[in-house]
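Undergrad: Got a structure for you, written out below as structure tokens; questions coming shortly.
The values are calculated or read from the model by the stated rules, or taken from the named source; none is laboratory data. What you see is a predicted model; the values in this text were computed from it and never measured. Every residue, glycine as well, gets a Cβ built from its backbone with ideal geometry; the counts of neighbours run over all protein chains shown. For the accessible areas, the whole protein counts, side chains as well, though only heavy atoms, and no ligand, DNA or RNA atoms are used. Shrake-Rupley method; radii C 1.70, N 1.55, O 1.52, S 1.80 Å.
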Amino acid sequence: MKPLVVNPGGRLGVEDIVGREQEIRRYWKILERQGLVLGAERRLGKTHIVLKMHEMGQDGFVTFYQDLESVHGLTELVRAIYRSVEHQLSRVKKAKRRAVDLWTTVVPKKVGSLDLPDARNNWKGLLGEAVSDVLEAVDPADKVVLIWDELPLMLYNLHKREGTDSVIQLLDLLRSLRQQHGSRLRFLFTGSIGLHLVLRALRMAGNANDPVNDMHQETVPPMVEAEAIELACRLLCGLEHPPAEAEPLAKLIHAAIGGFPYYIHHLVDRLGALDREPTAADVTGAAEALVHADDDPAHLAYYHQRLASYYAPEEVRLALLVLNAVASQEEATSMENLLNLARHEQPEVREEQIRDTCLLLRRDHYLTLERRGGVTVHDFRWNVVKRWWKENRL
Ligand SMILES: Nc1ncnc2c1ncn2[C@@H]1O[C@H](COP(=O)(O)OP(=O)(O)OP(=O)(O)O)[C@@H](O)[C@H]1O
Ligand SMILES: [Mg+2]
């Protein structure tokens, strides 16, 4: 087994991106027929999944990867597309040579003209052209997948900087491009804010459309058990003092953390600080330390902090009420119990409010709903987040 160096939050080379095989197979299948919106909590591994797809490729597809996290405006978006496609086009084996040459000569002119005031008003035309130009440059037998990582964050920033209209116009334009080039153009959007939160803000501002309902939307699942154990094994083997038997410890790590690769990296990082071979007791200790550490290395406080960024004050109040109640219970919580616990804190709260809040918290990957022994119950999606909440917020 190839050892892997611990690197929580870093960008891994494609050979170090462990597993995700089932997800990748499934996403290619969906992209045959339509575009895809992938959501998940922060750090679950969305970017590394799409990077693996991009790097490994798939017959019949040509991909262009674009990180939109730092894009704040519409002309910046057009510029970023031209630049990144120009950069990546030379790697496309089946690109048409002439079209590539044309693209390379056209880019400086177009990107330069974006600085002119009238070009700023013409971003729609330029974006449409950029997409047509990419399709033109690639073999017509291939589909073009534009992978736009952190699109919701870009929309969120755009909303703040350029207002509701710009975001709506952009989403409408992207939709019409999908319709216009339906047989060959696919978008793959990924994001951790949740596109639904951006769309909700737009709806509040009076736009009732659902501009991505022609795309398939999915939540990225945790890593499957075998792959999470493989990741833990490879990380353990990469330690300065690797355990003689990595697999039993890797299994313990999976039992403590689940299939969350970022937390697996963090836990093994703590084991690496021991200066000796880690033991089973060390795994338990390191899992506890992730929850208790003053410096919060795994950024678990983010689950609390993000509420204030994306929820209205009344929603924050209700979300805290529900999360505190669920965290206070050892087992998963029935709605009846949840209502009792919430009313104990705030007697005036209505059942409808609690149900709506649970729905929102499920869409935002805090809670899951399951059926156990004939009763539907809510619990935290991640036990490590539940333990953090219990220890730090109750
Ligand atoms: N398949 C994998 N194999 C090995 N490590 C992984 C894998 N997926 C994720 N990781 C680890 O988890 C970290 C976070 O992954 P990634 O950046 O892909 O998550 P994300 O969901 O895109 O996060 P964000 O929402 O913050 O953009 C990576 O830096 C890496 O350390
Ligand atoms: Mg990412």
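Undergrad: If the requirement is being in contact with a helix residue (DSSP H, G or I) (Cβ under 7 Å, 6 or more places away or on another chain), closer than 30 Å to Arg306 by Cα and either at pLDDT below 80 or of a type in the set (Ser, Thr, Tyr) (or both), which of these qualifies: Thr75, Thr47?
TA: None of the other options fit; the residue is Thr75.
Undergrad: Can you tell which of Ala308, Ala298 is buried (at least 20 other Cβ atoms within 10 Å of the Cβ) and under 24 Å from Tyr263 (Cβ atoms)?
TA: Ala298
Undergrad: Is it fair to say Gly191 is of a type in the set (Gly, Ala, Ser) and buried (at least 22 other Cβ atoms within 10 Å of the Cβ)?
TA: Yes, satisfied.
Undergrad: For segment 225-284, which residues satisfy the criterion of being more than 16 Å from ligand 1 (Cβ to nearest atom) and either among the hydroxyl-bearing types (Ser, Thr, Tyr) or free of Cβ contacts under 8 Å to residues at least 24 places away in the same chain (or both)?
TA: Answer for segment 225-284, where residues must be more than 16 Å from ligand 1 (Cβ to nearest atom) and either among the hydroxyl-bearing types (Ser, Thr, Tyr) or free of Cβ contacts under 8 Å to residues at least 24 places away in the same chain (or both): Glu245, Glu247, Lys251, Ala255, Ala273, Thr279, Ala281, Asp282, Thr284.
Undergrad: Moving to a separate point now. Can you name the condition, by its number, that Arg362 falls short on among (1) open to solvent by 10 Å² or more (accessible area, probe 1.4 Å); (2) over 21 Å from Leu44 (Cα atoms); (3) without any contact (Cβ under 8 Å) to a residue 40 or more places away in the chain?
TA: (2)
Undergrad: I've got another one for you. Restricting the search to segment 145-163, which residues are under 23 Å from the mean Cα position of the chain (by Cα), surrounded by fewer than 22 Cβ atoms within 10 Å (Cβ to Cβ) and more than 16 Å from ligand 2 (Cβ to nearest atom)?
TA: Within segment 145-163, His159, Lys160, Arg161 qualify.
Undergrad: Taking only segment 203-216 into account, find how many residues are touching a residue at least 60 places away in the same chain (Cβ under 8 Å) and either within 16 Å of ligand 1 (Cβ to nearest atom) or part of a loop (DSSP other than H, G, I, E, B) (or both).
TA: 3
Undergrad: Yes or no: segment 170-180 includes at least one residue that is within 24 Å of Leu44 (Cα to Cα) and either modelled with pLDDT of 90 or more or in a helix (DSSP H, G or I) (or both). Quick ask: steps written out before the conclusion?
TA: Step one: of segment 170-180, the residues within 24 Å of Leu44 (Cα to Cα) are none.
Scanning segment 170-180 turns up no residue that is within 24 Å of Leu44 (Cα to Cα) and either modelled with pLDDT of 90 or more or in a helix (DSSP H, G or I) (or both).
Undergrad: With respect to the numbered conditions (1) at pLDDT below 95; (2) open to solvent by less than 40 Å² (accessible area, probe 1.4 Å); (3) not polar (S, T, N, Q), which one is the sole condition not fulfilled by Glu69?
TA: (2)
Undergrad: Right, something else. Those residues that are in a helix (DSSP H, G or I) and open to solvent by 50 Å² or more (accessible area, probe 1.4 Å), I need them from segment 249-279; list them, please. Step through it out loud before you land on a result.
TA: Let us first name the residues in segment 249-279 that are in a helix (DSSP H, G or I), namely 249-257, 261-272.
Result: Lys251, Leu252, Ala255, Asp269, Arg270.
Undergrad: Working carefully through the options Arg161, Arg186, Arg200, find the one that is assigned by TED's automatic domain parsing to the domain that holds Glu41 and not in a helix (DSSP H, G or I).
TA: Arg186
Undergrad: So for segment 375-387 (the condition being open to solvent by 100 Å² or more (accessible area, probe 1.4 Å) and not assigned by TED's automatic domain parsing to the domain that holds Arg43), does at least one residue qualify?
TA: no
The rows are residues; the columns are (1) open to solvent by less than 40 Å² (accessible area, probe 1.4 Å); (2) in contact (Cβ under 8 Å) with a residue 40 or more places away in the chain; (3) assigned to a helix (DSSP H, G or I).
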{"site": "Val316", "(1), (2), (3)": "yes, no, yes"}
{"site": "Leu321", "(1), (2), (3)": "yes, no, yes"}
{"site": "Asn324", "(1), (2), (3)": "no, yes, yes"}
{"site": "Ala327", "(1), (2), (3)": "yes, yes, yes"}
{"site": "Glu330", "(1), (2), (3)": "no, no, no"}
{"site": "Leu338", "(1), (2), (3)": "yes, yes, yes"}
{"site": "Arg343", "(1), (2), (3)": "no, no, yes"}
{"site": "Val349", "(1), (2), (3)": "yes, no, no"}
{"site": "Arg355", "(1), (2), (3)": "no, no, yes"}
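Undergrad: Could you give every pair whose Cβ atoms fall below 7 Å, whose first residue belongs to segment 22-35 and is under 20 Å from Arg178 (Cβ atoms), and whose second residue is of a type in the set (Val, Ile, Thr) and buried (at least 17 other Cβ atoms within 10 Å of the Cβ), counting only separations of at least 6 or pairs across chains?
TA: Leu31/Val145
Undergrad: Being away from ligand 1 (no atom under 13 Å from the Cβ) and assigned to a loop (DSSP other than H, G, I, E, B) is the filter here; which residues of segment 49-78 pass it?
TA: Gly57, Gln58, Asp59, Gly60, Val71, His72, Gly73
Undergrad: All but one of (1) surrounded by fewer than 20 Cβ atoms within 10 Å (Cβ to Cβ); (2) more than 16 Å from ligand 2 (Cβ to nearest atom) hold for Val62; which doesn't?
TA: (1)
Undergrad: Would you pick out the residues in segment 3-48 that are open to solvent by less than 20 Å² (accessible area, probe 1.4 Å), in a helix (DSSP H, G or I) and within 7 Å of ligand 1 (Cβ to nearest atom)?
TA: Lys46
Undergrad: Given the conditions (1) more than 12 Å from ligand 1 (Cβ to nearest atom); (2) under 30 Å from Arg234 (Cα atoms); (3) in a helix (DSSP H, G or I), and given that Arg83 satisfies all but one, which numbered condition is not satisfied?
TA: (2)
Undergrad: Exactly one condition in (1) over 30 Å from Lys2 (Cα atoms); (2) open to solvent by less than 50 Å² (accessible area, probe 1.4 Å); (3) within 18 Å of the chain's Cα centre (by Cα) is not met by Gln217; state its number.
TA: (2)
Undergrad: Ser309 versus (1) part of a loop (DSSP other than H, G, I, E, B); (2) at pLDDT below 95: which is the lone unmet condition?
TA: Answer for Ser309: the failing condition is (1).
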